[in-house]
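Visitor: Please see the structure below; I have some questions.
The values are calculated or read from the model by the stated rules, or taken from the named source; none is laboratory data. Worth saying up front: this structure is predicted, and the values here are computed from it rather than measured. Counting neighbours? That spans all protein chains shown, and the Cβs are built from the backbone with ideal geometry, glycine included. Just so you know, the surface numbers come from the protein's heavy atoms only, side chains and all, with ligands and any DNA or RNA stripped out. Shrake-Rupley method; radii C 1.70, N 1.55, O 1.52, S 1.80 Å.
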Amino acid sequence: ISNFSHINDAIEAFVTELQFLGLWESTVVVQFSEFARTLSPNSGSGTEHAWGGQHFMFGGPVKGGQVLGHYPSDFEEGDAKGIALSRG
């Protein structure tokens, strides 16, 4: 969790500079990764590559404070939304 402070500090400095330059309201940053890990550990107490990923977006014109999409009702196999936790 301590690494979040590094990215937060970098984003804050970036935003501050964009605001100073008058570019904040015309800037949108989109970050995404298609890389994910399984939620349940493997036999060696590690995790495997999985489907999914994480995305975030910020910028002056972005209407923030929202989570878009569907969050699973639980993380068990056979979830009603078709989320699979298997490794194959």
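Visitor: Taking 7 Å along the Cα-to-C-beta vector as the label spot, tell me the PHE32-HIS6 distance in nanometres, rounded to one decimal.
Guide: With each label placed 7 Å out from Cα toward Cβ, I get 2.5 nm.
Visitor: Using only protein heavy atoms and a 1.4 Å probe, report how much of HIS49 is accessible, in Å² to the nearest 10.
Guide: 130 Å²
Visitor: Just flag the chymotrypsin sites (Phe, Trp or Tyr not before Pro) in the stretch 1-64 sitting in loop per DSSP whose Cβ has no more than 15 other Cβ atoms within 10 Å.
Guide: Numbers: sites: PHE4, PHE14, PHE20, TRP24, PHE32, PHE35, TRP51, PHE56, PHE58; in loops: PHE35, TRP51.
Answer by residue number: PHE35, TRP51.
Visitor: At a Förster radius of 25 Å, what calculated FRET efficiency corresponds to the Cβ-Cβ distance of LYS63 and THR16, to the nearest 0.05?
Guide: Here the calculated transfer efficiency is 0.75.
Visitor: Now for a different question. Restricting attention to the stretch 1-47, which GluC sites (Glu not before Pro) occupy a DSSP loop and are surrounded by at most 11 other Cβ atoms within 10 Å?
Guide: GLU34
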